[in-house]
Each structure stands twice: as structure tokens, then as C-alpha cells.
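Below is one structure; the comments refer to it alone.
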Amino acid sequence: MITSLPSPSAASQWCDRHRNEKISIGYVPTMGALHEGHLSLVARSIAENEVTCASIFVNPLQFNNPDDLKKYPQNRQRDIETLQRVGCDMVYTGLLAQFFPEVEDVKQIKMNDPGPPGKGLEGKFRPGHLEGVVTIVERLFRTVGTCRAYFGEKDYQQTLVVNHLAQRLKGEGLIIDVVPCPTIRENSGLAMSSRNQRLTENQKQVASNIYQALSRAKQSWKIGQHDPAALQRQLREQLAHPDISPDISIDYAAVRDQNNWSAHTPNTEISNARALVAAYVGEVRLIDNLYLGGR
Ligand code: PAF
């Protein structure tokens, strides 16, 4: 039977009790609306730790668009039942104010800086988003304490800023081992996301072109096209193809060196390439990325 806890303080006690008994803890932070992608993180955590906990908290600090927050799918009861079915040991939630007991009003919450990995891409197109992520993730990590924490690579830049945060916390003796996990996809290639629930069947078909464009960029890299500008152009051309347009509107289609992320400038030579796309299909903003290869 899963233990379902209503507050960060109750979750902290549960985690402390297990740690004191030298039981290893795996942790999967979520905003609910669970899908196979989340469940793959839980399965990996169960395989690698003695107990696994998850959190369900729709973090208002990371929504730069209030309408997006309002429309974010939520089904708490179903999520808890799903976590129980797959063998998760504990799930917790809380109110924003409970994560920040030091402030009288949540408007006074001091936002964290995501650091160099937060520059560009999501940092540019969703101002405040990554700040909101690292601000809540720090509290989620402090709640659980030393653990292995599992994140999906669909949110690639998020895994980088979370890793940067974990390095800072390590300096304080809070050891979080951030484990990035592969993106889980629909048969069409569409990356699983809670936001997919808001797409019509036809829009899902259109959205699967994001993965197709990324895959073609990977083929181009394989046969020797290593110029980031040319690869970016190719991505944009494929996404804006007349058969797909006008249903896709691109925020960015970028190619970056994943081992030299922060030093990125448009003319940087790339050795370990990752292509990243953010695009709207109808009103739904989707992100995806793919490792292209090394040289
Ligand atoms: O990836 C998510 O679901 C969220 O950004 C996270 C990490 C749970 C923080 O709210």
C-alpha cells in the first residue's frame, strides 16, 4: 500500500526515518498527470533503490503563462492509484506556502538563479520558467534529503539546471544524485508529455513531425553534416514544410554541444551535438530533443 502524505514536513519525516535505517531512497518529482514517461522514471528508481518516493505538485512558480497553469491537466486520485499500482512506496504533495514557511506571503518567495545552463532556449522563450523550476526543486530536494533523483531527458535543459543546483547543494552536504533518463515516445515518435492530453488526434499527428525532423537531423549528422547553422536550417525547413504548416509555430530549433553548453555562441564548433526544438501545435507548447552524435 502506498503511503500518501499531505505535506513536505510529513514527507521529510518519512524520508529521514528510512535514511536513519540506511535504506536508499529514489525520488521522482512530478507535477502529476502521469504518463508512461513518469512511470519509466519510477521503474528505474525502484530498480536502483530500496524505497521510491514521488511528489505531485503543480508548481505555480514555473508557469510564465497563467493560462497554461489553468489548463494544466490534473487528476490527483488517478495519479496516486497509478503510483501504487507500479510499486511506488510514498507520494507527497503540499501547498506552495508549506514549501516556503519562512515567507508570510508567497509573493515574497525569492527565486533561484538557474545559472549558466539556464541561458538561452527555454531561458529565453519562457522567461522565469527555469528560475521557477530550480526554486521549487531546491525545496523538493531539501524535503526528501540525500537521494537519487530521476528526471526525463525530454526536458533536457531542465536536467542541466537541476544538475547545476545539485552541485551547489553538494557544497552544503546535501547529496542529490541526479539521474537523467531517456525520453519515452508514442509509436509515432511523439515524446510523452502531460500536455499531449490537450492535443486532438490530428494535432498529435502534426506534433510527431517534431521527432521526425530531429531524426532527420541525426541522419544528416551521421553522414557528415556538422555545421550547426545548416542543421538548424534543416530542422526549421522540415517543421515549416507546407504539409505541416500552419499548425506548427516554432519557438526555437537549435543545435548545441551538450558537453560545452554554457560556452555556446552561434559560431562554436560542435563535438557532441544535441538538437532541441520548442514549438506550438495549436495552443499547446511542446519541447523535444535528440542526441545527434559526437565526433
Ligand atoms: O518536470 C517537471 O515535472 C517539473 O518541472 C518538476 C521537476 C516536477 C518541478 O516542478
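Are any residues in the stretch 110-149 near the ligand (Cβ under 10 Å from one of its atoms) and either outside any helix (DSSP H, G or I) or farther than 20 Å from L5 by Cα (or both), and if so, which ones? Passing the criteria: H129, L130, G132, V133, V134, T135, A149. The criterion of being assigned to a helix (DSSP H, G or I), at pLDDT 95 or above and within 11 Å of the ligand (Cβ to nearest atom) does not hold for L34.
Within the stretch 221-258, no residue satisfies the criterion of being crowded, with 18+ Cβ neighbours inside 10 Å and among the hydroxyl-bearing types (S, T, Y). Of all residues in the stretch 45-70, those satisfying the criterion of being within 15 Å of the ligand (Cβ to nearest atom) and in a helix (DSSP H, G or I) are S45, P60, L61, Q62, D68, L69.
Taking the stretch 92-109 as the range and being within 12 Å of the ligand (Cβ to nearest atom) and part of a helix (DSSP H, G or I) as the test, the residues that pass are L96, F99.
Restricting to the stretch 152-175, and then to whatever is without any contact (Cβ under 8 Å) to a residue 40 or more places away in the chain and within 13 Å of the ligand (Cβ to nearest atom), can you tell me which residue is farthest from S24 (Cα to Cα)? Here the answer is Q158. Filtering D113, D16, D68, D79 for residues that are free of Cβ contacts under 8 Å to residues at least 40 places away in the same chain and surrounded by fewer than 21 Cβ atoms within 10 Å (Cβ to Cβ) leaves a single hit, D113.
The values are calculated or read from the model by the stated rules, or taken from the named source; none is laboratory data. From a predicted model like this one, the values you see are computed outputs, not experimental measurements. Here Cβ is always computed from backbone atoms with ideal geometry, including for glycine, and neighbour counts include all displayed protein chains.
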